[in-house]
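Below is one structure, written out as structure tokens; comments come after it.
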Amino acid sequence: MKRQKKSQEVEELIHQNLVENYEKYYRLAYSYVHNEADAQDIVQEAAYKAIFKSNTLKSPEYAGTWIYRIIVNEALGFLRKNSRVQPEAEPETGNHTDTYRDFDLEEAIEELEPLEKTIVMLRFFEDFKLEQIALVTNENISTVKSRLYRALKKLRIALAE
């Protein structure tokens with residue numbers, strides 16, 4: 001009985017985390033696939049897996065990073081499955097605000113290896129700490145640091161050209 005109650009609490013925690021952070025999860029998925037519908041599908045599939053596998057979460061305090069890991073894995077799996085080299089351009093809609101986008105930076109980030117891209121996206125677009133990134137990517141923190149610095153060096157070189 002006690003185990004079932006704990007399982008329900010973890011499932012509720014994951015559900016709450018999914019609802020509260022949906023926009024962040026969507027943004028991360030979109031950064032990989034550059035397609036609104038595909039990003040929504042990735043988040044939906046990741047949410048299903050997170051809730052379905054909630055009993056495998058060992059430490060409830062890491063629920064957020066655990067869900068990020070599922071999102072990243074789903075996005076990478078989607079890209080592998082669909083072998084998208086160049087994403088299609090998204091049609092413009094009328095309801096949007098003008099924002100400055102650095103297309104050179106976006107293009108340079110797209111050229112990074114998937115794990116480097118994940119680290120850069122989590123660090124600079126989601127404001128994750130290196131320790132959190134290590135949990136999401138299932139890497140040692142020193143490995144995350146070296147991959148981050150290598151990715152930044154690649155970005156500097158690409159943007160200098």
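No value in this document is a laboratory result; all are computed from the given coordinates. No experiment lies behind these values; they were computed from the predicted model shown. All Cβ positions, glycine included, derive from the backbone under ideal geometry; neighbour counts span all protein chains shown.
Sort 45-57, 117-129 for me by packing, meaning the mean count of neighbouring Cβ atoms within 10 Å per residue, highest on top.
Order by mean packing, descending: 117-129, 45-57.
Sort out for me the Cα centre separation of segment 99-161 from segment 34-56, rounded to whole Å.
22
Taking a ≥ b ≥ c as the square roots of the eigenvalues of the Cα gyration tensor of segment 38-83, is the shape rounded (a/c under 1.5), prolate (a/b larger than b/c) or oblate?
On the way: a/c = 2.54, a/b = 2.15, b/c = 1.18.
Prolate shape, in that a/c is at least 1.5 and a/b is the bigger ratio.
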